[in-house]
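One structure below.
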Amino acid sequence: MHRKINCGPRTKLFQRRRTTAIITVMTEKDEYTFRQVSPGDAGQLLEIYAPYVLHTAVSFEYDVPSVEEFRSRISSTLSAYPYIAAVNSSGRIDGYVYASAFKARKAYERSVELSVYLREDCRGRGLGTSLYQLIEEKLKKQGILNLYACIATSPRAADSYLTNASPLFHTHCGFRTIGKFSKCGYKFGLWYDMIWMEKLIGIHVSETALPPSAEEWDIYDVNRFPTGRTMIRGTPNRPGDYHIVVHVCVFDSHGNMLIQQRAQGKKGWPGKWDFTLGGHVVAGETSRQGAGRELREELGIALALDGAPYLTVNFSDGFDDYYLIEKDIALSAVVLQKDEVQNVKYASKEEIKKMIADGTFIDYHDGLVDLLYAMKTCRGAHASSGTREAQKA
């Protein structure tokens, strides 16, 4: 499938390859492949970011973070938002863009802050614009409505550490300045201002005006390749169309699972107990991002989900991905989304099986419950080599 994208005069072609969901942009000087960042890219991304810290006031950080710290930041971002790398024809990452939470409170969940960084020799080619257009497309599918950029500016006409390139770039991308904080950042012995720029990318309506079927899902084929199509929740599946469902199972240090009781108003299994959570991946999300979002929305828990699902169970028109986490979470720290969840508690494997038998828990196979408890400390099918300790060796 080929699409043209208006990323400035230097951009020639925008192409999405169906089997890999890779996007390619050809410029006059290079061909760029856009893909999701992984924690393993931390070293290359840090090469791009470090000069901004050491030699400019673009970043207000004083010290370059370690590779381990940067890897942790990437994992945290990927649990909720897109993180895109621009890879040149030789395999080098020349730029990246990511979204982060605008503010932590739930009322802000339709807003994000954007950050973009490019290698010094790759600026002025339209690469930053391409990255912004791609992440904007993904964020729209996630239901994001407001984009924000926090930008350092200098009160001086000439500044060795900062130019006006970033405000001009954001204006070119459709942002407008909405606020200014004077002399709020101090770096290199100089005071810097900060401005906020905003771009609205969706229609703001009351949540009550959105029909329940407004949730949009990406459609995959039987091999889990994206088809490039979407469907609205509640509409019939075409034969051969599949979507992704995620489940998260949180275990405490005693081996008990955090389980939730579904709200009475739910259409499916009202009032029944379930694993920690289950939900659908919406359009534009990865499986891991969907699982992280569901955790935050339903239970108010923010956790970085590392790696692929522990296991996937295929069903008639989709894929059930299971993420297993070992962490002690106090029940008092759980914040329930009342229209989704009415109660939570910890339960042992035997207690869950008993609840399934008496009809108070969703009727999962006993074998699945056994498997989840058996795999909570390991990945893979080999009990001797799959433990987390063995994987670190």
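Before we move on, is ILE151 within 13 Å of ILE201 (Cβ to Cβ) and either of a type in the set (Val, Ile, Thr) or in a loop (DSSP other than H, G, I, E, B) (or both)?
On the way: within 13 Å of ILE201 (Cβ to Cβ): no; either of a type in the set (Val, Ile, Thr) or in a loop (DSSP other than H, G, I, E, B) (or both): yes.
It is false that ILE151 is within 13 Å of ILE201 (Cβ to Cβ) and either of a type in the set (Val, Ile, Thr) or in a loop (DSSP other than H, G, I, E, B) (or both).
Return only the number of the condition from (1) in a loop (DSSP other than H, G, I, E, B); (2) farther than 15 Å from GLU113 by Cα that ASP193 does not satisfy.
Against the list (1) in a loop (DSSP other than H, G, I, E, B); (2) farther than 15 Å from GLU113 by Cα, ASP193 comes up short only on (1).
Output the residues belonging to the stretch 338-354 that are farther than 23 Å from ASP370 by Cα and surrounded by fewer than 16 Cβ atoms within 10 Å (Cβ to Cβ). Break it down into steps so the answer makes sense when it comes.
First, the residues of the stretch 338-354 that are farther than 23 Å from ASP370 by Cα: 338-343.
Answer for the stretch 338-354, where residues must be farther than 23 Å from ASP370 by Cα and surrounded by fewer than 16 Cβ atoms within 10 Å (Cβ to Cβ): LYS338, ASP339, ASN343.
Name the one entry in SER154, SER111, SER130 that is touching a residue at least 24 places away in the same chain (Cβ under 8 Å), out of contact with any helix residue (DSSP H, G or I) (no Cβ under 7 Å at 6 or more places or on another chain) and within 23 Å of GLN44 (Cβ to Cβ).
Working: SER154 fails: within 23 Å of GLN44 (Cβ to Cβ); SER111 fails: within 23 Å of GLN44 (Cβ to Cβ).
After ruling out the rest, the residue left standing is SER130.
Please indicate, with yes or no, whether at least one residue in the stretch 19-36 is among the aliphatic types (A, V, I, L, M) and modelled with pLDDT of 90 or more. Full working, then the answer.
Pass one, the stretch 19-36, residues among the aliphatic types (A, V, I, L, M): 21-23, 25-26.
If we keep only those that are modelled with pLDDT of 90 or more too, we end up with none.
Within the stretch 19-36, not a single residue is among the aliphatic types (A, V, I, L, M) and modelled with pLDDT of 90 or more.
Could you say whether any residue in the stretch 337-350 is under 27 Å from GLY265 (Cβ atoms), part of a helix (DSSP H, G or I) and more than 26 Å from the chain's Cα centre (by Cα)? Step through it out loud before you land on a result.
Filtering the stretch 337-350 down to residues under 27 Å from GLY265 (Cβ atoms) leaves 337-347.
Applying the additional criterion that residues be part of a helix (DSSP H, G or I) yields none.
No; the residues of the stretch 337-350 include none that is under 27 Å from GLY265 (Cβ atoms), part of a helix (DSSP H, G or I) and more than 26 Å from the chain's Cα centre (by Cα).
Among the residues of the stretch 316-334, is there at least one that is modelled with pLDDT under 90, open to solvent by 40 Å² or more (accessible area, probe 1.4 Å), out of contact with any Gly (no Cβ under 6 Å at 6 or more places or on another chain) and within 25 Å of ARG233 (Cβ to Cβ)?
no
So, of the residues in the stretch 272-299 that are surrounded by fewer than 21 Cβ atoms within 10 Å (Cβ to Cβ) and basic (Lys, Arg), which turns out to be modelled with the lowest pLDDT?
Among residues in the stretch 272-299 that are surrounded by fewer than 21 Cβ atoms within 10 Å (Cβ to Cβ) and basic (Lys, Arg), the one modelled with the lowest pLDDT is ARG296.
Could you tell me whether ILE48 is hydrophobic (A, V, I, L, M, F, W, C), modelled with pLDDT of 95 or more and closer than 20 Å to GLY124 by Cβ?
Details: hydrophobic (A, V, I, L, M, F, W, C): yes; modelled with pLDDT of 95 or more: yes; closer than 20 Å to GLY124 by Cβ: yes.
Yes.
Does TYR117 qualify as being closer than 29 Å to ARG229 by Cβ, aromatic (Phe, Trp, Tyr) and at pLDDT 95 or above? Steps first, please.
On the way: closer than 29 Å to ARG229 by Cβ: no; aromatic (Phe, Trp, Tyr): yes; at pLDDT 95 or above: yes.
Considered against the rule, which asks whether it is closer than 29 Å to ARG229 by Cβ, aromatic (Phe, Trp, Tyr) and at pLDDT 95 or above, TYR117 comes out as no.
Find the strands (runs of 3 or more DSSP E) located wholly in the stretch 243-298 whose residues include 2 or more that are farther than 22 Å from ASP317 by Cβ and more than 19 Å from the chain's Cα centre (by Cα), and list them. Walk me through it before giving the result.
Numbers: elements: 243-251, 257-262, 277-280.
Here the list reads 243-251, 257-262.
Restricting to the stretch 82-128, and then to whatever is open to solvent by less than 30 Å² (accessible area, probe 1.4 Å), in contact with a Phe, Trp or Tyr (Cβ under 8 Å, 6 or more places away or on another chain) and not in a strand (DSSP E or B), can you tell me which residue is farthest from LEU200 (Cα to Cα)?
Selected residue: ASN88.
May I ask you to say which residue of ARG156, ARG238 is farther than 30 Å from ALA308 by Cα, open to solvent by 70 Å² or more (accessible area, probe 1.4 Å) and out of contact with any Ser or Thr (no Cβ under 9 Å at 6 or more places or on another chain)? Reasoning before the result, please.
Details: ARG238 fails: farther than 30 Å from ALA308 by Cα.
Within the list ARG156, ARG238, the selection yields ARG156.
Evaluate the stretch 205-222: report whether one residue or more is touching a residue at least 40 places away in the same chain (Cβ under 8 Å), of a type in the set (S, T, N, Q) and open to solvent by less than 80 Å² (accessible area, probe 1.4 Å).
No.
Looking at GLY255, GLY279, which is the one that is of a type in the set (Gly, Ala, Ser), touching a helix residue (DSSP H, G or I) at 6+ places or on another chain (Cβ under 6 Å) and closer than 25 Å to GLU326 by Cβ?
Working: GLY255 fails: touching a helix residue (DSSP H, G or I) at 6+ places or on another chain (Cβ under 6 Å).
None of the other options fit; the residue is GLY279.
Residue under question is PRO309, and the condition is that it be open to solvent by 20 Å² or more (accessible area, probe 1.4 Å) and either hydroxyl-bearing (Ser, Thr, Tyr) or modelled with pLDDT under 90 (or both); does it hold? Let's see the steps before the verdict.
Working: open to solvent by 20 Å² or more (accessible area, probe 1.4 Å): yes; either hydroxyl-bearing (Ser, Thr, Tyr) or modelled with pLDDT under 90 (or both): no.
It is false that PRO309 is open to solvent by 20 Å² or more (accessible area, probe 1.4 Å) and either hydroxyl-bearing (Ser, Thr, Tyr) or modelled with pLDDT under 90 (or both).
Which members of the stretch 55-77 meet the condition of being in contact with a helix residue (DSSP H, G or I) (Cβ under 6 Å, 6 or more places away or on another chain), open to solvent by less than 70 Å² (accessible area, probe 1.4 Å) and closer than 28 Å to ARG293 by Cβ?
Within the stretch 55-77, SER59, GLU61, VAL67, PHE70, ILE74, SER75 meet the criteria.
Suppose we filter LEU139, LEU162 for residues that are closer than 28 Å to ARG233 by Cβ, of a type in the set (A, V, I, L, M) and either open to solvent by less than 50 Å² (accessible area, probe 1.4 Å) or assigned to a strand (DSSP E or B) (or both); which single one remains?
Working: LEU162 fails: closer than 28 Å to ARG233 by Cβ.
Checking each option against the conditions leaves just LEU139.
The values are calculated or read from the model by the stated rules, or taken from the named source; none is laboratory data. Just so we're clear, the structure is a prediction, and the values are computed from it rather than from any experiment. All Cβ positions, even for glycine, are placed from backbone atoms using ideal geometry, and neighbour counts span all protein chains on display. SASA here: full protein model, heavy atoms, side chains in, ligands and nucleic acids out. Shrake-Rupley method; radii C 1.70, N 1.55, O 1.52, S 1.80 Å.
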